[in-house]
1. Among the residues of the stretch 35-64, write down those that are in contact with a helix residue (DSSP H, G or I) (Cβ under 7 Å, 6 or more places away or on another chain) and at pLDDT below 85.
2. Within the stretch 17-27, take every residue that is of a type in the set (Gly, Ala, Ser) and open to solvent by 30 Å² or more (accessible area, probe 1.4 Å) and give me the one that is farthest from VAL55 (Cα to Cα).
3. Within the stretch 114-158, take every residue that is polar (S, T, N, Q) and at pLDDT 90 or above and give me the one that is farthest from LEU94 (Cα to Cα).
4. Within the stretch 137-146, which residues are surrounded by 12 or more Cβ atoms within 10 Å (Cβ to Cβ) and in a helix (DSSP H, G or I)?
5. Search the stretch 140-155 for residues that are of a type in the set (A, V, I, L, M) and pair each with any residue that is in a helix (DSSP H, G or I) and surrounded by 11 or more Cβ atoms within 10 Å (Cβ to Cβ) when their beta-carbon atoms are under 6 Å apart and the residues are at least 6 apart or on different chains.
6. Does at least one position in the stretch 109-125 carry a residue that is surrounded by 12 or more Cβ atoms within 10 Å (Cβ to Cβ), without any contact (Cβ under 8 Å) to a residue 24 or more places away in the chain, within 21 Å of the chain's Cα centre (by Cα) and under 24 Å from CYS77 (Cβ atoms)?
Amino acid sequence: METWFTILGWTLSIVAAAGNGSIIFLVCSKRRLLTKINAFIISLAVADLGVGASVFPSQFFYEIVKTSDDSRSSLRCNINRIRWLVGYASVTSLCSLVLDRYVAIVTPLKYLNFMSRGRVIQMIFVSWAIPVGFVITSFFLPAPVKRNFVNIFAMFWEIFSCCFLTFCFSSMILVVYKHDRSSATLAKQLRFNHRDLTVRSQDRSAIIMMAIVIVVFLVCYGIYLRCKLMPPSQ
């Protein structure tokens, strides 16, 4: 069983590193792909690349390293800090990406003015500033306070991110539903036999993409919380 777990862990790590690395290389190598939404995708890919390269490999090397107890304790703390950084950066980057699509779909007329180049840079900066600030703060706190701080922050951010993503996705679905209804009514009134007045294809594609990403994220986060709060009996 342990062998299969190791194979699965390394497989997922390699796939995550290769996939996100390819996305970063592709977007950065093509000037025409350097758009606002792709900036959020790059931020998310960098964070996910860190997750794939650090979570399982770091645990694997921690198990095989031969050092003193103090060194192993220090190594574990450093590994945890890296995991916190890339893990929370992945969540915040996903929230920024979903927020960008939420504004584009729910308030399309305000999107160009609201989502300026400076605003995109600010959102990406905040996406990384939150986990960096969390890691730096936890580094300087004493052990008892640090444990409570980490638990409270983790619980708050996990609940907030899940609620935020669910709200944005529900709002986008509602907008698409209203567009479909109004388009169907208008098409019926005008009786255009060869014209399909449905929601814009790019909005529908964004909804499908967000649905896949958010559902996978919530399922994986649910499994993580189940294992964290109710660990399997030995």
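The values are calculated or read from the model by the stated rules, or taken from the named source; none is laboratory data. Not measured: the values here are computed from a predicted model. As a convention, Cβ positions derive from the backbone with ideal geometry for all residues, glycine included, and neighbour counts pool all protein chains shown. Accessible surface is based on the protein model in full, side chains and every heavy atom, while ligands, DNA and RNA are left aside. Shrake-Rupley method; radii C 1.70, N 1.55, O 1.52, S 1.80 Å.
1. Looking only at the stretch 35-64, we keep the residues that are in contact with a helix residue (DSSP H, G or I) (Cβ under 7 Å, 6 or more places away or on another chain), and these are 36-58, 62.
If the condition is that a residue be in contact with a helix residue (DSSP H, G or I) (Cβ under 7 Å, 6 or more places away or on another chain) and at pLDDT below 85, then GLY52, ALA53, SER54, VAL55, PHE56, PRO57, SER58, TYR62 are the ones that fit.
2. Among them, the one singled out is SER22.
3. Within the stretch 114-158, the first condition is being polar (S, T, N, Q), and the residues that meet it are 116, 122, 127, 137-138, 148, 151.
Add one more test, that the residue is at pLDDT 90 or above, and what stays is 122, 127.
Values: GLN122: 15, SER127: 9 Å.
Taking the candidates together, the pick is GLN122.
4. The answer is THR137, SER138, LYS146.
5. Cβ pairs passing all conditions: LEU141/PHE149; VAL150/SER138.
6. No, the stretch 109-125 has no match at all.
Residue-by-condition table, conditions (1) touching a Lys or Arg at 6+ places or on another chain (Cβ under 8 Å); (2) β-branched (Val, Ile, Thr):
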{"residue": "VAL98", "(1), (2)": "no, yes"}
{"residue": "ARG101", "(1), (2)": "no, no"}
{"residue": "ASN113", "(1), (2)": "no, no"}
{"residue": "SER116", "(1), (2)": "no, no"}
{"residue": "PRO131", "(1), (2)": "no, no"}
{"residue": "PHE139", "(1), (2)": "yes, no"}
{"residue": "VAL145", "(1), (2)": "no, yes"}
{"residue": "VAL150", "(1), (2)": "no, yes"}
{"residue": "PHE160", "(1), (2)": "no, no"}
